[in-house]
Amino acid sequence: FIKGGCFIMGNENAQADEKPEHEVCVDDFYMDKHEVTQARWEAVMGYNPSKIIGADLPVEQVNYFDIQKFIEKSDGKCRLPTEAEWEYASRGGTVSKYYWGNILDESYAWYEGNSEKVSHSVGLKNPNQYGLYDILGNIWEWTNDWYEPLYSVGDKNNPQGPSAGYNKVVRGGGFDSSAGALRVTNRNWLHPKNRVFSKVTTYGGHVNEIFNYIGFRCAQSLPKDA
């Protein structure tokens, strides 16, 4: 259970798409303590799409539409969080770069410096103030919002993001992310049909493909009469 409230979303001192800082309020909601595991996914869907295999590892290589099928089979017990809900939950009531402070602490997250380039079983690192594990690091997480390069600030209460778009927002960083990419305000985007990021970079004439693994955690609204 995440008690709702108001917070300042975004970061004026980071990338352009993290601006402008703006006040947002969200209602009470539920959010999974852990990223959805491969065991949970397979129990619902009957197959495992992941590249790094393990029952307690987060499911990955799933796109937005795959997750919608999972949601349809989850009897109302799963939806993707909005981007505002995700950032609110990730912050854990803090205003720092990470939910534990402004300096990286490896006891809270898997990233490129300690992961050995693989995902890890959920729940091995320290949780945040709301009891959420791995919300920074391990794997990137889908949200339900369409991506926009600058925040619209018209909807203060329970913003849902743009009504249409090309890419969906993914959050949180992954096991192959830099320490800086784990900051709670960092945003990335992916086409809803894609299951991985694929970025080509050139170093000294060599072309390297970089794949980041994408999964998710469920949110759930409170009943209307709660």
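The values are calculated or read from the model by the stated rules, or taken from the named source; none is laboratory data. Treat the numbers as computed from the prediction; the structure is a model and nothing was measured. Backbone-built Cβ (ideal geometry, glycine too); neighbour counts: all protein chains shown. Accessible surface areas use protein heavy atoms only, side chains included; no ligands, DNA or RNA. Shrake-Rupley method; radii C 1.70, N 1.55, O 1.52, S 1.80 Å.
So with the 1.4 Å probe, I'd like the accessible area per residue for segment 38-94, rounded to whole Å².
Accessible area per residue, segment 38-94: 41 Å².
Based on Cα positions only, what radius of gyration and what Dmax would you give for segment 28-142, in angstroms?
That works out to 14.3, 41 Å for Rg and Dmax.
Would you kindly give the portion of the calculated P(r) for segment 1-92 that falls above 22 Å, as a percent of all Cα pairs?
43 percent
At a probe radius of 1.4 Å, what is the per-residue accessible area of L124, in Å² to the nearest 10?
Looks like 110 Å² after rounding.
Search the structure for amide H atoms under 5 Å from the amide H of K168, placed 1.01 Å from N in the peptide plane, and list their residues when 5 or more places away or on another chain.
Y147, L190, H191
Please give the direction-averaged projected area of the C-alpha convex hull for the chain, in square nanometres with one decimal.
12.6 nm²
Can you give me the distance in nm between label points at N158 and F65, each placed 7 Å from the Cα along the Cα-to-Cβ direction?
2.9 nm
Quick check: at a probe of 1.4 Å, how many percent of the accessible area of the chain sits on carbon and sulfur atoms?
50 percent
Could you sort K19, K77 by accessible area so the largest value comes first, with the probe set to 1.4 Å?
Sorted by accessible area, descending: K77, K19.
Would you rank H34, H120 by solvent-accessible area, highest first, keeping every protein chain in place and using a 1.4 Å probe?
Order by accessible area, largest first: H34, H120.
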